[in-house]
Amino acid sequence: MCGIVGYVGGGQALPVLLDGMRKLEYRGYDSAGIAILLNGKMGTVRRAGRIQNLEEELEGRSFEGNLGIGHTRWATHGAPTDENAHPHQDCTERLALVHNGIIENHDVLRSRLEAEGHAFKSATDTEVAAHLIESILERRNCSLKDAVLEAVSILKGAFALVCIHAAEPDVIVAARSQAPIIVGAGDGVGLVGSDIPALLQHTRDVIPLRDRQVARVRPGSVEVFGFDGKQVVPEQVHIDWDLEAAEKGGYEDFMLKEIHEQPYAVRDTMRGRFDEKGRVVLDEVKWDTDTIRAINKIVVVACGTSFNAGMAAKHAIEHWTRIPVELDLASEFRYRDPVLDEHGLVIGITQSGETADTLAAIRFAGEMGAKVVAVTNVVGSSITRDADAVLFTHAGPEIGVAATKTFLAQLVALNILALYLAQERDSMPEDKRLETIEAMARLPELIEKVLDVEGAVAKAAKKYADASDFLFIGRGVGTAVAMEGALKLKEISYIHAEGYAAGELKHGAIALLQEGVPVVAVMTGQPLYEKMLANVEEVRARGASTILVAPHGDERARELADDIFEVPQVKPLLTPVLDTIPLQLLAYFVAKERGLSPDKPRNLAKSVTVE
Ligand code: F6R
């Protein structure tokens, strides 16, 4: 997620911007830039890579000015290059703008603005906003605030925009549509940030803009307006967190913060991928319909959590597209002499885009003539260079080593890909596709509801934190959830845990069951629900403790559970998106009970770049 900083006041803007950008470094970024108003002219410097690259570029140059904005970019549209780094400017170069989020209608607006004569210098969606505001200012000759108000009524998507203009040297205008932006004013200064740490050194009284609000920030004052232009009374909050707590948004750990970011991760991953007629739009996949229809086999390759996402997706892909799907651990794939040719499609899933085994697997698949689509969270990562097509998850950077929000985003991205293939192959009735898309659109709201189980999970974690073994069982897509629940628990709590297909219990693992062994059962939707109930009975009969993830209000599940985490009902193939959340929380709270740091589990790295 990009970081935004803005400063206006009596002091020098540059050190405040650089300091604020450093405070936001923890969010992850791939380029950085600043714009400062210098003697009536807007000076900008932008560099790919670390803030240090930007500082080296600034060395020895005079950047004295009292108004400026800075940005650390996490690429979403356009590679992480100098040209695509923010701030972006209009044609007059009197306006500078930074942006966080996604402008969905950037394509249409870019064509319109180009037709009006605007010249674009980058491949970003952000630059569209700069030229749009320029064109409004030209037409209306209005204030920057009024131009931004008109622009936000035209822009679609989730965004936080911050801009400055040479004509108004004491003003920063900030706008929020879903993506967070915080403004504040101290003694003779005005400040803007995408997150509290950027402001903390200058003020502890901040105004988090509400959705669909615009702020005009001047030294010592803030005015807030609704998107309808009406002025509103700003809601100020006092922050008493220290810097570390502020980075984590008040959560104790990044992992917990990221679990709570899942509604946004899922919403952002779906954004712009369905048109008004309910068709899946995947501009990233440029194969013609004949090529898609000729696919006769899909192989999913991935590691760890990404593999579990693939395991869940196999069900949806096969059900919707009727193409057979093989699932391979990336580390195994190239050593087993797989059968693959130009009619094969290989899906490589990797949140980091850097996992050595997954990269090797997709390169190998490419050599065999198969088409390769990568599903990754990191723009510009290695896998994006080796794949024929890339489907990005828009979960934002994940800092906790245990993958959480990127897993949910992968599940959703893979469903989108499956729906797309089904649509292009006519393998799924249209009404069923529309119904599924509608159900997916409700997921972010349902995830919010699932997060309410946190208290119940924390309580259960106290009970089971001393266990030496856990078993996780499920059926169908629930098996993938069980595997993921077990992986999360073992990696951050160091408790031995196994994920198992519930039907396999009686073929071996049932021998492990005895008094007190916690068994987590994922009560996947019909038609497997009854069978899961029978498995839970088997478990109880051996004296094991049962922890159930079950549909809300299900009395039979309540009767069989020692502990129950209830989740709203959704279509069976979408259940992993909700059912995984209580298990992420369980792993988190068990680790906390055991005095461990969930963000930095021993022996693990966020990206595994060795085989
Ligand atoms: C588990 C976890 C790892 C990764 C695995 C693959 O929480 O984070 O199992 O999922 O190392 O990483 P990516 O998805 O980056 O290829």
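The values are calculated or read from the model by the stated rules, or taken from the named source; none is laboratory data. No experiment lies behind these values; they were computed from the predicted model shown. Backbone-built Cβ (ideal geometry, glycine too); neighbour counts: all protein chains shown.
Pairs linking a residue in region 306-322 that is more than 21 Å from residue 423 (Cβ to Cβ) to a residue that is modelled with pLDDT under 95 and away from the ligand (no atom under 16 Å from the Cβ), with Cβ atoms under 8 Å and 6 or more positions apart or on different chains, do not occur.
If I go through region 497-528 residue by residue, how many of them are buried (at least 19 other Cβ atoms within 10 Å of the Cβ) and assigned to a helix (DSSP H, G or I)? Residues flagged as buried (at least 19 other Cβ atoms within 10 Å of the Cβ) and assigned to a helix (DSSP H, G or I) within region 497-528 amount to 2. When restricted to residues that are more than 15 Å from the ligand (Cβ to nearest atom) and within 27 Å of the chain's Cα centre (by Cα), region 458-474 contains 3.
The residues listed here are 150, 114, 168; of these, the one that is in contact with a helix residue (DSSP H, G or I) (Cβ under 9 Å, 6 or more places away or on another chain) and part of a loop (DSSP other than H, G, I, E, B) is 168.
Does residue 17 satisfy being buried (at least 23 other Cβ atoms within 10 Å of the Cβ), in a helix (DSSP H, G or I) and over 25 Å from the mean Cα position of the chain (by Cα)? Spelling it out, residue 17 is indeed buried (at least 23 other Cβ atoms within 10 Å of the Cβ), in a helix (DSSP H, G or I) and over 25 Å from the mean Cα position of the chain (by Cα). Here the condition is being more than 28 Å from residue 394 (Cα to Cα) and touching a Leu at 6+ places or on another chain (Cβ under 9 Å); of 189, 233, 217, it holds for 217 alone. Residues that are under 16 Å from residue 75 (Cβ atoms), part of a helix (DSSP H, G or I) and small (Gly, Ala, Ser) within region 359-408 comprise just one, 382. Are any residues in region 47-94 crowded, with 16+ Cβ neighbours inside 10 Å, free of Cβ contacts under 8 Å to residues at least 60 places away in the same chain and of a type in the set (Lys, Arg), and if so, which ones? Within region 47-94, just 47 meets the criteria.
The residue that is farthest from residue 257 (Cα to Cα), among those in region 587-609 that are in contact (Cβ under 8 Å) with a residue 12 or more places away in the chain and more than 14 Å from the ligand (Cβ to nearest atom), is 594. Within region 452-474, if we keep just the residues that are hydrophobic (A, V, I, L, M, F, W, C) and in a helix (DSSP H, G or I), the residue that is nearest to residue 491 (Cα to Cα) turns out to be 461.
Scanning region 67-102 for residues that are assigned to a loop (DSSP other than H, G, I, E, B) and touching a Phe, Trp or Tyr at 6+ places or on another chain (Cβ under 8 Å) yields 74, 76. Within region 366-378, restricting attention to residues that are away from the ligand (no atom under 16 Å from the Cβ) and among the hydrophobic types (A, V, I, L, M, F, W, C), the residue that is nearest to residue 398 (Cα to Cα) is 370.
Which one of these does residue 384 not meet: (1) touching a residue at least 40 places away in the same chain (Cβ under 8 Å); (2) within 27 Å of residue 262 (Cα to Cα)? Residue 384 satisfies every listed condition except (1). The sole residue among 385, 363 that is more than 15 Å from the ligand (Cβ to nearest atom), surrounded by fewer than 24 Cβ atoms within 10 Å (Cβ to Cβ), over 21 Å from residue 292 (Cβ atoms) and not aromatic (Phe, Trp, Tyr) is 385. Checked against (1) over 21 Å from residue 34 (Cβ atoms); (2) assigned to a loop (DSSP other than H, G, I, E, B); (3) within 25 Å of the chain's Cα centre (by Cα), residue 119 passes all but condition (3). At least 3 residues being more than 19 Å from the chain's Cα centre (by Cα) is the threshold, and among the helices (runs of 4 or more DSSP H) wholly inside region 201-288 those reaching it are 243-247.
The residues in region 352-381 that are touching a residue at least 40 places away in the same chain (Cβ under 8 Å) and among the basic types (Lys, Arg) can be counted, and the count is 1.
Restricted to strands (runs of 3 or more DSSP E) entirely inside region 293-358, those with at least 1 residues that are among the acidic types (Asp, Glu) and within 16 Å of the ligand (Cβ to nearest atom) are 325-329.
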